[in-house]
Amino acid sequence: MKTIPFFSLIFFICLSTFGYSQDKEEVTLSGYVKDASSGETLIGATIYVSELQAGTTTNVYGFYSLTLPKGDYTVEYGYIGFADKIESISLSANIKLDVELGFSATEIDEVVITAEAKDKNVRDIQMSVNKLDIQTLQKLPTLLGETEILRSIQLLPGVTSVGEGAAGFNVRGGSIDQNLVLLDEAPVYNSSHLFGFFSVFNPDAVKDVKLYKGGIPARYGGRLSSILDVRMKEGNNKKLAVNGGIGTIFSRLAIEAPIVKDKSSFIIAGRRSYIDILAKPFLDDEFSGSALNFYDLTLKTNYKFSDKDQIFLSGYFGRDNFRFGDAAGFSWGNSTTTLRWNHLFSDRLFFNLTSYYSNYDYQINFGDTDIDKFDWSAKIINYSLKPQFSYFLRPSNVLRFGGESIVYEFQPANAVAVSNGEEIDISLDKQFAIESNVFVENELDLGSRIKMNYGLRMSIFNYFGAGRSYQYGDVPEGDVRPLESVTEFDDGESISNYLNFEPRMSFKYQLTDQSSLKASYNRTAQYIHLLSNTAASTPVDIWTPATNNIKPQTADQVALGYFRNFKEDNYEASAEIYYKNMYNIIDYIDGADLILNEFYEGQVLEGDGRAYGLEIMAKKKEGKFSGWVSYTLARTERQVIGINGDEWYPSRFDQLHNLSVTGFYALSKRIDLSANFVFNSGTPTSFHSSRFEQGGFIIPNNDGNRRNNVRIPNYHRLDFSLTINPKEKPGKRYFGKWIFSVYNVYARRNAFSIYFDQDQNRVPTGSPVNTEAKRLAVIGSFVPAVSYNFKF
């Protein structure tokens, strides 16, 4: 009976679109829109037919398709920052037309902070979505002057982090594992270098960044809170291009060039930090083998076999290394490979087949002899196959459908300890699972004012052997559950399985030419969990599948928004309210031991969560002065039986106020200024409410086991940067620019956490023992930096 909703929706969509496929007097105009200088396809370029006052945009591969009645048309192709191109076309049969756009020749020196159509925010159906333009990101002031994607998205409404140097990000009350981070469609499980200060994404290789916070289309799934979709460049298929930068902490270099002009190209981009190299002359012999660095390598190539077939192959390999002499070390890294095939079955039916591999691992070791040492490694590995179709019925009607299967292999601990020459294997069993889904979605215009995107995703998860399932006894919630029995399962034998239907709906009503009202609803399901009971996520946190004891997390979110443009669409404003209910949210008993614990499920608790808030954004998009203001008023809370007296409590990443102000000013043709100010309410933490004294030592006590009962001080910071651009000379091929920046201008010591320290002096008998609250600030001063970027 559960399959009825899915097939009913398919029937409804087919019925609603049947009439469109029968009109024989219609023909199709299709093709790709590209950058004339590099051959890169342009995502979201607009194609507008003046006579019909209708149009479309290119998909993530730069492809467009317009089915129109036969006739003569004026078609305008556009992309912000590029000169528009107008074509007069006589449509009497299907036509394939690829269009290349050149850069705008405007003489006005200005900053543009969007690469989308100027009225896209009010015309498009998408809400709760932010697109980040790489050119804008490169102008933002950042830590040590390096362009940073993950830190930049925290300047947007609804996106936060728990503090300076925290890995990952939080979206609308979700934990960091509830964000699906994709690099060319492959998942990245740890998106940070250097414990959260830098992301794994090399800006020289990134083409497009889009963040979905709500109204998530049915083609996306697997996480509760957000999708961060990062697309890589294909590589310049016109000529050799080299760009890079030399910075305070690392340097980078990217090379792209055609293999076969206009048919095949490649890009290779690498980065490496060099703190350890600079410090090496100053280290004692004991630490001569030390390492403190990160590196990454990004590669992509493509080949166009015909007008209907093209393949893409991309990869990412990155690692962080921390080694303290030869006695101890710690490292982690991601590896991904993506193979994609684009095929046109017809001018209206676009097909993409994606296969990817993703591997995240970490390693820890202590000791440099065979007598006493400890080695621990862990991995999560994915293999996936994903076919997807886009059927362009009309400019006002696009049908998408497809599916995906993901095979998971979890290796929570390959651990061996050696003590006095005796080896002890304390490894944990591997875990296996497969997640499959099918989806169908329809984007439909109902007249000139109403637009809808509705769909359904059906996901199935199977946790299987070889492996074990554990059965635990019943105890009062909040206590460790005792193990009662263990069941063995053979290879491929199902241990537990789950099925979820995930309906999605977005709606837009065009109030006027410059304003619209939007609403959305989405249900999401998540079958893998990150186990972490620390203040912020660490690289050694444990990924685990849904099991017979840990259920999948699910969420329902609704959102309503008002969008308004002003002054020829140069100013835009939006306000969104949202409410999200979350179910089977993971939390832990007090003092839970999750590391190298075969029976961790007995210490895991499940409960409900809720998040709600108001997000406001105002933006000036063009001109000598541009920028945006982002403000979020929000709450995120949890209720878990056995914690906090069974009452609702704020989550670790709850922040009532979140404000960011970002500005750009073109002082002259060569000098650009930028600044941003950030203010966040303090995040919750748990303090003791009473204490005991025993033998001169303080024993803290939390009456009633209250969870997250106080807040650390508010966070605020001001950053500034100055960019000196090269002189413009006709025929010049080499361009270099200097970037000077100051992070945390007024040296604010923002607290990452608060801890308590006992007075170490001898206390006279009968006198109380003094304790002091101390603030841990990851960055406690201003950080100046200079970097030099070049291209030719």
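The values are calculated or read from the model by the stated rules, or taken from the named source; none is laboratory data. Here the structure is a predicted model, which means the values were calculated and not measured. Methodologically, a virtual Cβ is constructed for each residue, glycine included, from the backbone with ideal geometry; neighbour enumeration extends over all protein chains shown. Ligands, DNA and RNA are excluded from the accessible area calculation, which covers all protein heavy atoms including side chains. Shrake-Rupley method; radii C 1.70, N 1.55, O 1.52, S 1.80 Å.
Taking residues in the stretch 204-225 that are more than 18 Å from residue 507 (Cβ to Cβ), and partners anywhere that are part of a loop (DSSP other than H, G, I, E, B) and of a type in the set (Val, Ile, Thr), the pairs with Cβ atoms closer than 8 Å and at least 6 places apart or on different chains are 207/43; 208/43; 208/60.
With the stretch 406-520 as the region, which strands (runs of 3 or more DSSP E) entirely inside it contain at least 1 residues that are buried (at least 16 other Cβ atoms within 10 Å of the Cβ)?
Numbers: elements: 422-425, 431-446, 450-464, 467-472, 483-489, 494-512.
In the stretch 406-520, the matching strands (runs of 3 or more DSSP E) lie at 431-446, 450-464, 467-472, 483-489, 494-512.
Quick one: in the stretch 728-745, of everything that is open to solvent by 100 Å² or more (accessible area, probe 1.4 Å) and part of a loop (DSSP other than H, G, I, E, B), which residue is modelled with the highest pLDDT? I'd like the intermediate steps shown before the answer.
Initially, the stretch 728-745 is screened for residues open to solvent by 100 Å² or more (accessible area, probe 1.4 Å), giving 728-730, 733, 738.
Filter again for part of a loop (DSSP other than H, G, I, E, B), leaving 728-730, 733.
On the way: 728: 78, 729: 78, 730: 78, 733: 83.
Only one residue tops the list, namely 733.
Buried (at least 18 other Cβ atoms within 10 Å of the Cβ) and either touching a strand residue (DSSP E or B) at 6+ places or on another chain (Cβ under 8 Å) or closer than 23 Å to residue 213 by Cα (or both): does that describe residue 546? Here the answer is yes, as residue 546 does meet what is asked. Among the conditions (1) part of a strand (DSSP E or B); (2) open to solvent by 50 Å² or more (accessible area, probe 1.4 Å); (3) modelled with pLDDT under 90, the only one that residue 7 does not satisfy is (1). The set of residues in the stretch 738-792 being more than 15 Å from residue 714 (Cα to Cα) and of a type in the set (Val, Ile, Thr) consists of 739, 742, 745, 763, 765, 769, 771, 783, 786. Output the number of the condition that residue 227 fails; it satisfies all remaining conditions of (1) at pLDDT 90 or above; (2) within 30 Å of residue 37 (Cα to Cα); (3) of a type in the set (A, V, I, L, M, F, W, C). That leaves (2) as the condition not met.
Among (1) open to solvent by less than 10 Å² (accessible area, probe 1.4 Å); (2) modelled with pLDDT under 95, which single condition is residue 176 missing? The one condition residue 176 does not meet is (1).
Counting the residues of the stretch 120-144 that are surrounded by fewer than 21 Cβ atoms within 10 Å (Cβ to Cβ), over 28 Å from residue 248 (Cβ atoms), modelled with pLDDT under 90 and in contact with a strand residue (DSSP E or B) (Cβ under 6 Å, 6 or more places away or on another chain) gives 1.
Is at least one residue of the stretch 59-77 among the hydroxyl-bearing types (Ser, Thr, Tyr), modelled with pLDDT of 90 or more and open to solvent by 50 Å² or more (accessible area, probe 1.4 Å)? Checked the stretch 59-77: no residue is among the hydroxyl-bearing types (Ser, Thr, Tyr), modelled with pLDDT of 90 or more and open to solvent by 50 Å² or more (accessible area, probe 1.4 Å).
In this structure, does residue 645 turn out to be in a strand (DSSP E or B) and among the small types (Gly, Ala, Ser)?
Criteria not met by residue 645.
In the stretch 668-684, the residues that are open to solvent by 10 Å² or more (accessible area, probe 1.4 Å) form Cβ pairs under 6 Å with partners that are acidic (Asp, Glu), at six or more places apart or across chains, as follows: 669/109. When residue 767 is tested against (1) over 30 Å from residue 590 (Cα atoms); (2) open to solvent by less than 60 Å² (accessible area, probe 1.4 Å); (3) in contact (Cβ under 8 Å) with a residue 12 or more places away in the chain, just one condition goes unmet, and that condition is (3). Out of all the residues in the stretch 599-626, which are buried (at least 19 other Cβ atoms within 10 Å of the Cβ), of a type outside the set (D, E, K, R) and either without any contact (Cβ under 8 Å) to a residue 60 or more places away in the chain or closer than 29 Å to residue 137 by Cβ (or both)? Result: 607, 611, 613, 617, 626. Taking the stretch 731-780 as the range and being touching a strand residue (DSSP E or B) at 6+ places or on another chain (Cβ under 8 Å) and of a type in the set (Gly, Ala, Ser) as the test, the residues that pass are 736, 741, 751, 753, 773. Selection over the stretch 692-714 of residues that are touching a residue at least 24 places away in the same chain (Cβ under 8 Å) and surrounded by 12 or more Cβ atoms within 10 Å (Cβ to Cβ) gives a count of 12. Among the residues of the stretch 193-211, those that are aromatic (Phe, Trp, Tyr) and open to solvent by less than 10 Å² (accessible area, probe 1.4 Å) comprise 198, 201.
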